[in-house]
Amino acid sequence: TKNGAGSLLARVFVNRVWHYHFGRGMVATPSDFGKQGGDPSHPELLEWLAHDFVEHGWNVKRLQKQILMSATFQQNSNFESSKAEQDIENKYLWRFSPRRVEAEVIRDSMLQVSGLLDPTPFGLGTRDPSMNRRSVYFFLKRAALIPEMLLFDWPEHLVGVGCRTNSTIAPQALQFLNGPQTRRYAEGFAKQLDMYPSDQSKIKSAYQMAFSRFPTDTEMDLALQFIETQGTSYLNDGYEVSRAWADYCQSLFSLNEFLYVR
């Protein structure tokens with residue numbers, strides 16, 4: 001691909017796919033491969049992947065599989081001071097850098113876990129923030145953007161965005177604590193757990209649905225204590241215990257494990 005037709009396109013495309021999986025491309029400026037852009041951190045790897053990509057018919061699925069099955073992608077995110085001293089930005093990928101998922105993924109994940117997701121494909125979009133379809137079906141109007149999406153760095157839609165910003169601000173936490181849409185998803189999540197007979201089985205299922213793992217013994221004990229305390233408080237005030245489960249589900253949405261890829 002060094003001098004052939006489409007060689008630059010192959011490099012740019014491979015770098016974009018790498019960027020989407022790692023949060024940073026081998027060239028840190030995915031929209032600028034010119035003299036004002038960044039130098040590749042792994043030039044030989046970029047060249048090899050681009051060449052292999054073209055040689056195998058520009059097969060995107062094959063490229064994705066190569067990256068996802070690599071030892072580099074499958075590293076843990078543990079921090080090591082000795083390595084950080086040499087490469088604090090993790091430019092050379094000595095670990096997997098934790099990164100928050102995009103606004104659309106956060107919303108779609110909550111819809112999926114709550115059982116409220118409408119998977120119907122195609123059709124018209126909408127500006128209704130209460131819709132249950134995937135976020136890609138939001139109809140965009142500059143004067144009426146979706147506040148919940150903007151909180152999590154929804155990009156400017158009138159220009160190309162090579163790298164999204166990733167902020168951490170107090171209103172994001174408040175959205176999970178007090179947002180009406182988050183509460184609606186939490187109530188749907190709690191209803192998903194009604195089919196399980198015991199508190200322990202509900203908690204195990206909640207962790208499986210939200211994090212694809214079982215809770216630790218400590219997490220199980222804390223959850224049981226929370227449900228008992230919160231449920232008793234609601235009963236004393238004349239409310240149903242189901243509110244305690246909605247509170248618990250809402251707390252799971254607020255955990256970093258739900259919001260970050262590690």
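The values are calculated or read from the model by the stated rules, or taken from the named source; none is laboratory data. Nothing here was measured: the structure is a model prediction, and the numbers come from that model. Please note: Cβ atoms are built from the backbone with ideal geometry, for glycine as well, and neighbour counts cover all protein chains shown. Side chains are part of the model used for accessible areas, which takes the heavy atoms of the whole protein and leaves out ligands, DNA and RNA. Shrake-Rupley method; radii C 1.70, N 1.55, O 1.52, S 1.80 Å.
Being polar (S, T, N, Q) and open to solvent by 90 Å² or more (accessible area, probe 1.4 Å): is that true of Q36 here?
Judged against the criteria, Q36 is a match.
Does G57 satisfy being part of a loop (DSSP other than H, G, I, E, B), open to solvent by less than 30 Å² (accessible area, probe 1.4 Å) and more than 30 Å from A206 (Cα to Cα)?
The answer is no for G57.
Which residues, counting only those in region 22-32, are buried (at least 16 other Cβ atoms within 10 Å of the Cβ) and touching a helix residue (DSSP H, G or I) at 6+ places or on another chain (Cβ under 9 Å)?
F22, R24, G25, M26, V27, A28, P30
Looking only at residues in region 150-164 that are assigned to a loop (DSSP other than H, G, I, E, B) and within 17 Å of the chain's Cα centre (by Cα), which one is surrounded by the most Cβ atoms within 10 Å (Cβ to Cβ)?
My answer is F152.
From the set of residues in region 241-262 that are without any contact (Cβ under 8 Å) to a residue 60 or more places away in the chain and not in a helix (DSSP H, G or I), which is farthest from the chain's Cα centre (by Cα)?
V241
Among the residues of region 135-149, which ones are among the hydrophobic types (A, V, I, L, M, F, W, C) and open to solvent by 80 Å² or more (accessible area, probe 1.4 Å)?
The answer is V136, F139, A143.
Given the condition at negative phi and open to solvent by 70 Å² or more (accessible area, probe 1.4 Å), answer yes or no: does some residue in region 241-250 qualify?
yes
Could you list, in sequence order, all residues of region 91-106 that are within 13 Å of the chain's Cα centre (by Cα) and of a type in the set (A, V, I, L, M)?
V101, A103, V105, I106
Can you tell me how many residues within region 165-205 are within 27 Å of S130 (Cβ to Cβ), exposed (fewer than 12 other Cβ atoms within 10 Å of the Cβ) and polar (S, T, N, Q)?
4
Quick one: in region 206-240, of everything that is open to solvent by 50 Å² or more (accessible area, probe 1.4 Å) and not in a helix (DSSP H, G or I), which residue is nearest to V113 (Cα to Cα)?
Top of the filtered list is S212.
Among the residues of region 106-130, how many are out of contact with any Asp or Glu (no Cβ under 9 Å at 6 or more places or on another chain) and free of Cβ contacts under 8 Å to residues at least 24 places away in the same chain?
Residues that pass the stated criteria total 12.
So which residues in region 60-109 are part of a loop (DSSP other than H, G, I, E, B), closer than 25 Å to A210 by Cα and open to solvent by 60 Å² or more (accessible area, probe 1.4 Å), if there are any at all?
Scanning region 60-109 gives M69, Q74, N76, N78, F79, E102.
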